[in-house]
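The values are calculated or read from the model by the stated rules, or taken from the named source; none is laboratory data. What you see is a predicted model; the values in this text were computed from it and never measured. Quick reminder, even Gly has a Cβ in these numbers, built from the backbone with ideal geometry, and neighbours come from all protein chains shown. These area figures cover heavy atoms from the full protein model, side chains too; ligands, DNA and RNA do not enter into them. Shrake-Rupley method; radii C 1.70, N 1.55, O 1.52, S 1.80 Å.
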Amino acid sequence: MKNKGLWISVAVFALLAVIFAFTDWQISQALYNPNAGWAHFLEAYGQLPGSLLGFISGSILLCTYRTEKNAKSILGVIGLFILTAFAGLGFFADVFGAQTGAKLNIPLILGIALLVLILLQVILRRFSLKTVSQYKNAAKVGLTMMFVAGFLTVWAIKIPWGRWTYRDILEAGNTALFTPWYLPQGNNGHHSFISGHTALSFVVIGFILFLKKGSNARNILLPVLLLWGIVGALSRVVIGAHFASDTLFGAGQTLLWFWFLKNKFVK
């Protein structure tokens with residue numbers, strides 16, 4: 001059967017979605033540990049690899065971009081530069097503790113991101129354009145995934161869904177605030193469904209496209225990256241930031257975007 005692996009994945013996803021619809025609360029009760037240091041570490045720094053993929057991918061695309069003397073080309077390179085700089089800002093903001101609530105000096109962090117971006121351009125231009133261009137299509141997938149799967153899709157669902165997190169429900173002391181994943185509550189300021197941390201944890205799967213298909217390195221890296229995503233998802237449930245279904249859908253939409261973009265850009 002064509003795309004057999006895809007259909008098996010969809011079936012597993014659907015089965016888990018049904019199971020979690022009835023077991024979300026019980027799973028969180030069993031796994032919740034607000035003192036789990038490893039989970040708090042991943043909350044603070046678990047998004048870094050996904051942001052790094054976007055930053056590196058944007059740098060490669062900037063290096064290979066051929067600017068022509070017309071408005072479309074000039075606007076294209078400006079837009080690409082802004083996206084890459086934003087990816088760098090997100091990466092270094094997390095490095096300096098954005099997810100821990102630390103007070104950040106945004107101009108300084110942006111300056112660091114731009115400095116590193118310039119340094120990357122210098123390094124990449126030491127290689128031939130032909131060499132760097134080998135990774136152009138993989139970079140298109142990486143940069144697009146970071147923004148579309150890691151941010152746009154996540155927040156397009158989060159805002160109107162209005163699901164309370166497990167830890168917020170415990171803090172409020174009212175279990176009646178729990179709702180199954182399939183019942184959106186409207187824009188009420190709560191953003192449990194879907195998990196953005198999980199989405200960015202799975203964005204790292206884009207790294208395999210920079211390796212030759214069928215190579216030992218790629219075959220080894222793939223399960224490592226998937227494991228990273230799964231551990232990241234588990235950490236969100238453990239500290240009560242999300243329910244199991246939140247992480248399932250965060251991962252699912254990222255992997256779906258990966259499949260679509262890979263088929264579109266990588267031959």
Computed over the Cα atoms of region 144-267, what is the convex hull's projected area averaged over all directions, in nm²? 7.8
What's the ranking of 18-31, 200-213, 129-142 by average number of surrounding C-beta atoms within 10 Å, highest first? 200-213, 129-142, 18-31
Students often forget the sequence filter, so: which lysines lie under 28 Å Cα-Cα from residue 130 once same-chain residues fewer than 8 apart are removed? 69, 72, 140, 212, 213, 262, 264, 267
Dmax and Rg, reported as Rg then Dmax, of region 73-162 (C-alpha, Å): 15.6, 49
Give me the distance between the Cα centres of region 105-141 and region 240-261, rounded to whole Å. 28
P(r) for region 1-97: what percent of alpha-carbon pairs falls in each 10 Å bin, starting at zero? 13, 21, 22, 27, 13, 4, 0
Which residue fluctuates the most in the chain, going by a Gaussian network model with Cα springs under 10 Å, if the choices are 112, 60, 194? 112
Residues residue 71 and residue 231, FRET efficiency given R0 of 30 Å [Cβ-Cβ distance, rounded to 0.05]: 0.05
Between residue 156 and residue 15, what FRET efficiency comes out of the Förster formula 1/(1 + (r/R0)^6) with R0 = 25 Å and r the beta carbon distance, rounded to 0.05? 0.50
Centre separation in Å (Cα based) which lies between region 23-69 and region 155-198: 20
Cα Rg over Rh - region 159-225, Kirkwood: 1.26
Kindly provide the pair-distance distribution of region 9-49 built from C-alpha pairs, with 5 Å bins from 0 and whole-percent values in order of increasing distance. 6, 19, 15, 15, 17, 23, 6
Angle, helix 48-64 long axis vs. longest principal axis of the chain, Cα atoms, 0 to 90°, nearest 10? 20
Quick one: angle between helix 71-95 and the longest Cα principal axis of the chain, in degrees between 0 and 90, rounded to 10, please. 50
Total formal charge among the other residues, if their Cβ is under 15 angstrom from that of residue 204, Lys/Arg +1 and Asp/Glu -1: +1
Around residue 76 (Cβ within 15 Å, Cβ-to-Cβ, excluding residue 76; K/R +1, D/E -1) the net charge comes to +4
When you count, for each residue, the other Cβ atoms within 10 Å and take the mean per peptide, how do 237-250, 68-81 rank with the highest first? 237-250, 68-81
Would you calculate a helix-derived [θ] at 222 nm for the chain, using -39,500 (n - 2.57) for each DSSP H run of n ≥ 4 and dividing by the full residue count, to the nearest 500? -22000 deg cm²/dmol
Reachable aspartates and glutamates from residue 136, criterion Cα separation under 20 angstrom, eight or more residues apart if same chain: 68
Need one value: the accessible area of residue 32 in square angstrom, 1.4 angstrom probe, rounded to the nearest 10. 70
For every other residue with a beta carbon closer than 12 angstrom to the beta carbon of residue 60, add +1 if it is Lys or Arg and -1 if Asp or Glu, then tell me the sum. +3
Over the chain, with a Gaussian network built from C-alpha contacts below 10 Å, which listed residue (150, 173, 111) shows the highest mean-square fluctuation? 173
